[in-house]
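For reference, the structure is listed below as structure tokens.
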Amino acid sequence: MNDMEMHSKVEVRSSSVVDMDLDVIEETVDRSVSEEKPSLRSVSVKFKLNIAKKSFRKRSREESEKVEDEEEEDGKVLGNYEIARLREESRREYLKKRENKKVEEFKEQVEFELSRFQGIPDAYDQRKRFDVARQRCGEVTRERGKTEKEAWEDHQAQKATVRFGAKDKKQVCDGYEFVFDEVASFVETSVEAEKDRGYDERRVAKDDRKMLPIYAYRDELLKLVEENQVLVIVGETGSGKTTQIPQYLQEAGYTKRGKIGCTQPRRVAAMSVASRVAQELGVKLGHQVGYSIRFEDCTSEKTVIKYMTDGMLLRELLIEPKLDSYSVIIVDEAHERTLSTDILFGLVKDLAKARPDLRLIISSATLEAKKFSEYFDSARIYMIPGRRYPVEKLFQRCPEPARLETAVRTVFQIHQREPLGDVLVFLTGQEEIETAETKLKERMKDLGSKSSEIIICPIYSNLPTELQAKVFDPAPKGTRKVVLATNIAETSLTIEGIRYVVDPGYCKINSYNPKTGMESLLETPISKASAEQRAGRSGRTGPGKCFRLYNVKDLEPTTIPEVQRANLASVVLTLKSLGIDDVFNFDFMDPPPEKSLMKALELLYALGALDGKSDITKLGERMVEFPVDPMLSKMIVGSEKYKCSAEVITIAAMLSTGSSIFYRPSRNQQYLADNARMSFYTDNAGDHIALLRVYNSWKEMNYSSQWCYENYIQSKSMRRARDIREQLAGLLKRIGVELTSNSEDLDAVKKAILAGFFPHSAKLQKDGSYRRVREPQTVYVHPSSGLFGASPKKWLVYHELVLTTKEYMRHTTEMKPEWLVEIAPHYYKLKDIEETRTKKNQSRNIRSLMLKVDTNKKAKR
């Protein structure tokens, strides 16, 4: 080798047993010499390309050798296989720890969800309210827990007892000295603290009462009530007339003469107002202040202010025709013009003439007072001006067709431009509320961090109680709550913090067609009176704004009274039981159509509640005892014949809950909810039998709320069904029907159902639709039914007929056609059943019937 070639040295060595590599050891290289005379060997392509790689391998090899030297020093020599094994074990330990950590996280999440589901108080739990009322009234005899003071007194009394034995016997002592004065002062201090706390709450409530507009007219109002037997009061929303007038009357001494009754059009309003008044008076709900709604009575013997639905006051008139236990009757929210309200008007008008000491107050939030005054023989009208807070009303001159999209856009305009304050949006129903909720969430995702957070709180009748309770929770600091509600939030329901109202101007109204016997739930524009009610929701707790997506000039003054668009069968039966025979000449404020009254009389006659002279029968007197629809009450009474009254009242209770039993959550869990619901429809069971199975399964699980949660069933509806069933069982006992069970014979249960709903029968057509037996009308199975999409049944009995997009039958069950002639021979004939069969079968059946007739004639001869 020459001098030029000695500047670099190449060594070839074995780095490992597995692979061979070239390691380049660079020594001192003279750059000047290499630049002048580069050799071919030193600039070979292979040599140049592998320099970086070999240097890296060299460094890694040196590091590995260093590690191995350190391990050898420690006495632990690890090879490649051992390192791989340790890595695998380390990986397994990490995955195991990670799995345990994830399991713990999921457990904590499940426990949190369960605690949130079970821990929310149920505002409408009847059993809890009854227990509280009984405890206050001394009806509960079980031993109650001892207070701290009582436990201490018992402990000290044991020490003071006489002991027997030797005087020098060593006494057992607990080691504590007697500190009578200090302990007593401690107990007294705690009691005084409780009294002070209650006093502070009452003082705050008293201050709030003085801020209401009606407070300035208190003395004048009481003077007018004393001078006038009938008084019509007109007060704007938020004036305090619903909560304050009964309290003023109590303070004036009217409760010494009797109770003060105040009716509400909705049961939610009756419960919430009664709770508010009890809080202001500092008493327990159900004691001095209580409420009574259908299948729920939260009152006691000491109740002097009673809020109730107008239908419950009608029920009390059956028991107490002159209402002797009442000194004042207040018909609140009279502008709602519900069916029971209009019937009450005619009854209390005659009652006032028979009882001069009774005071009658008609309260309304609209300017329809003149019509009320004329109806009650020119009664005195008293105006309560002023709202608690001003409301700015904004409206659109030209409404947009896509009102839901406009409402969502308006909510975000409020959120970005207006000061903090919650928003209330009025929508027509559950489907529209869920669509609006989805759109609001999508908009929030698009905005991201550009806007503050929005908390969406829906409220409608089918929503579980724990989700409805979120509406009343205050929004966290820096956020805005958006409440999506139906017209349930329109009257007598105050949600704290509402400053803005978005009103699209539509609602769903139930309308009954007497010709077809079908109820339709259609979207219609609201009235001017309802528009004022909705605007007043924004001025209850502070100055507010109402954004109307319509022009008020296009609306009707008032809503059509329910008595002119409802099924009058229950009303006619109630009037007949009160001794009013001529229902056509009853003093209605707005008379209903004669066709509706005729249809009601025909139905009651077919059910056997009325005889040929239109007088109430013994069966009708038994039916009127049940506060349900006449067809449902006939089903309950008819169950006595088939020995299945226990099953029938369970079905009736499930149908009378007023809300859906099954809960269908968000789209991600709808498949699971549908599978859980269909598990109760085994063996081709109908909706009635499925409801019976749901209740029995819940009963077997000891009325578990967790079971309801897992099966997507509303626990609130189930608890209400249990309370309704208990009351129906008590009413069965009152009319002398024994509670019997026949769970094995489902045909007997179906016959009992058909005994009340035989007018609601339908038969299958060739195109898959159904046709009513007595009416030329095509109907369909409702999508919520378990029989929807299944193999069609030839004959069905249904609970009700509803018109939405089609004429739908709700709650359907399969039956046999011959049962119709067996149960209702006065209503159905053989030709009604034989029309769908083949001519051959029809002629064969006719021949057999003719032979039976001939043999009977020969036997008589």
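Things worth noting here:
- Under 17 Å from the Lys256 label point (7 Å along Cα→beta-carbon), backbone N, region 308-347: 326-328
- Sorting Leu604, Leu555 from the fewest to the most surrounding beta carbons within 10 angstrom yields Leu555, Leu604.
- Cross-link pairs beyond the 23 Å C-alpha cut-off, checked among Lys371/Lys508; Lys576/Lys750; Lys643/Lys750: Lys371/Lys508; Lys576/Lys750
- Sites Leu394 and Lys831 - FRET efficiency at Förster radius 56 Å, r taken between beta-carbons, to 0.05: 0.35
- Per-residue ³J(HN,Hα) for region 740-752, Karplus 6.51 cos²θ - 1.76 cosθ + 1.60, θ = phi - 60°, Hz, x for Gly and Pro: 10, 10, 8, 5, 6, 9, 6, 5, 5, 5, 5, 5, 5
- For region 235-242, the Karplus equation 6.51 cos²θ - 1.76 cosθ + 1.60, evaluated at θ = phi - 60°, returns couplings of x, 5, 4, x, 6, x, 5, 5 Hz by residue, with Gly and Pro reported as x.
- Here's how it looks for Tyr389: its modeled amide H is under 5 Å from none belonging to a residue 5 or more places away or on a different chain.
- Couplings 3J(HN,Hα) for region 251-265, derived from phi with the Karplus relation 6.51 cos²θ - 1.76 cosθ + 1.60 (θ = phi - 60°), are 5, 7, x, 6, 6, 6, 8, x, 6, 10, x, 10, 9, 10, x Hz, where x marks Gly and Pro.
- As a rough footprinting exposure proxy, the listed residues Met211, Met271 were ranked by other beta carbons within 10 Å of their own, and the order from fewest upward is Met211, Met271.
- For region 393-564, the relative contact order comes to 30 percent (Cα pairs under 8 Å, sequence separation of at least 6).
- Distances between placed amide hydrogens fall under 5 Å for Glu800 paired with Arg810, all partners being 5 or more residues away or on another chain.
- Nitroxide proxy distance, nm - points 7 Å out along Cα→Cβ at Glu108 and Ser449: 2.5
- Once C-alpha pairs closer than 8 Å and six or more residues apart are averaged by separation and normalised to the residue number of region 640-765, the relative contact order reads 45 percent.
- Out-of-range pairs (alpha-carbon distance over 29 Å; input Lys439/Lys470; Lys322/Lys716; Lys766/Lys829; Lys210/Lys322; Lys441/Lys545): Lys322/Lys716; Lys210/Lys322
- Loop-located trypsin sites (Lys or Arg not before Pro) in region 575-652 whose Cβ has at most 11 other Cβ within 10 Å (DSSP): Lys613
- Sequence of Ser451, Ser300, Ser538 once ranked by neighbouring C-beta atoms within 10 Å, starting from the fewest: Ser451, Ser300, Ser538
- Rounded to the nearest 20, the size of the Cβ-charge dipole of region 208-384 about its Cα centre is 220 debye, with Lys and Arg at +1 and Asp and Glu at -1.
We did not get these values from a lab; they are worked out from the coordinates using the rules stated. This structure is a prediction, so every number in the text was calculated from the model and none was measured. Methodologically, a virtual Cβ is constructed for each residue, glycine included, from the backbone with ideal geometry; neighbour enumeration extends over all protein chains shown.
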